[in-house]
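The values are calculated or read from the model by the stated rules, or taken from the named source; none is laboratory data. These figures come from a predicted structure and were not determined experimentally. Glycine gets a Cβ as well: all are built from the backbone with ideal geometry, and neighbour counts include every protein chain shown. To get the accessible areas, we keep the full protein, side chains included, count just its heavy atoms, and leave off ligands, DNA and RNA. Shrake-Rupley method; radii C 1.70, N 1.55, O 1.52, S 1.80 Å.
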Amino acid sequence: MKSRRSIREFSDRAISKRLLVKILEAASVAPTGAGVAGTHILVLEDPTIRRKLREICERGERDWVDSQPESVRERLSNLPGFSCTKEYIETAPVFLAVTTRPLDPEIPYAVESAFLAVGYMLVMIEGMGLGTVTYTPSFTRVDDEKLLDELLDLPEGETVQVFLPIGYPKIKRESKPEHGFYNVYHNQFGVPFTIET
Ligand SMILES: Cc1cc2nc3c(=O)[nH]c(=O)nc-3n(C[C@H](O)[C@H](O)[C@H](O)COP(=O)(O)O)c2cc1C
């Protein structure tokens with residue numbers, strides 16, 4: 001967990017089915033809101049679907065980035081390997097889509113549960129020496145979102161929460177400093193919780 005970093009460029013080395021199954025198993029044992037299993041994981045293997053998906057996602061991402069305030073665009077440009085050109089959609093050895101039905105009253109906490117499944121997968125992926133990035137596709141046009149749902153043949157109400165391109169990292173990234181980049185520990189809100197070492 002301490003060594004994990006987001007990976008946006010992958011080597012060509014294939015991933016064995018055995019490792020892929022371990023990643024999927026990790027998702028399947030994550031906690032779920034009210035014990036309802038409402039998260040689905042699509043293993044996208046068809047190259048034609050991935051090519052079309054890339055087109056839709058790249059257009060959406062460019063529109064979205066253009067609509068962001070300067071401060072956000074600046075941060076995005078500093079993320080290692082971040083680009084509106086999403087080569088990994090086509091080329092990553094494994095490409096997963098994590099979907100759920102956010103507005104379905106029969107799936108309480110659908111989005112939260114989907115993200116916990118993602119967290120479990122991130123840890124398993126790192127533990128096996130692989131890399132990924134939590135890619136949340138962004139769109140500003142409803143039409144593009146519809147195209148995405150149609151391309152993936154999603155049932156009514158089911159939407160993509162996260163894509164996970166998975167592969168062996170092209171470049172090894174530095175771990176974060178010992179206590180992370182952020183001030184995440186608090187005593188009361190805004191009062192740092194100090195750690196004596
Ligand atoms: C909810 C969430 C959404 C994210 N969406 C994207 C994304 O769409 N594209 C991307 O390249 N990275 C995305 N990231 C990755 C973050 O940019 C990354 O986690 C952050 O910069 C910290 O770096 P690290 O993962 O190396 O620790 C996302 C991360 C989270 C938690």
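Tabulated values for the structure
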| read-out | value |
| --- | --- |
| Set LEU79, LEU103: member being open to solvent by 30 Å² or more (accessible area, probe 1.4 Å), over 13 Å from the mean Cα position of the chain (by Cα) and within 12 Å of the ligand (Cβ to nearest atom) | LEU79 |
| Matching residues in segment 170-197 - criterion: being within 11 Å of the ligand (Cβ to nearest atom) and in contact with a Ser or Thr (Cβ under 7 Å, 6 or more places away or on another chain) | SER175 |
| Within segment 108-148, considering residues that are farther than 18 Å from PHE95 by Cα and among the aromatic types (Phe, Trp, Tyr), the one farthest from the ligand (Cβ to nearest atom) | TYR109 |
| Looking only at segment 127-139, and only at residues there that are in contact with a Pro (Cβ under 8 Å, 6 or more places away or on another chain) and outside any loop (DSSP other than H, G, I, E, B), the one that is surrounded by the most Cβ atoms within 10 Å (Cβ to Cβ) | THR132 |
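Per-residue answers, yes or no, for (1) crowded, with 17+ Cβ neighbours inside 10 Å; (2) within 26 Å of ARG173 (Cα to Cα); (3) among the acidic types (Asp, Glu); (4) touching a strand residue (DSSP E or B) at 6+ places or on another chain (Cβ under 6 Å):
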site: ILE107; (1), (2), (3), (4): yes, no, no, no
site: GLU112; (1), (2), (3), (4): no, no, yes, no
site: GLY119; (1), (2), (3), (4): no, yes, no, no
site: ILE125; (1), (2), (3), (4): yes, yes, no, yes
site: ARG141; (1), (2), (3), (4): no, no, no, no
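Yes/no matrix, rows are residues, columns are (1) without any contact (Cβ under 8 Å) to a residue 60 or more places away in the chain; (2) loosely packed, with under 15 Cβ neighbours inside 10 Å; (3) under 28 Å from PRO108 (Cβ atoms); (4) under 19 Å from the mean Cα position of the chain (by Cα):
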| position | (1), (2), (3), (4) |
| --- | --- |
| ALA14 | no, yes, no, no |
| ARG18 | yes, yes, no, no |
| ALA26 | no, no, yes, yes |
| GLU45 | yes, yes, no, yes |
| ARG59 | no, no, no, yes |
| THR91 | no, no, no, yes |
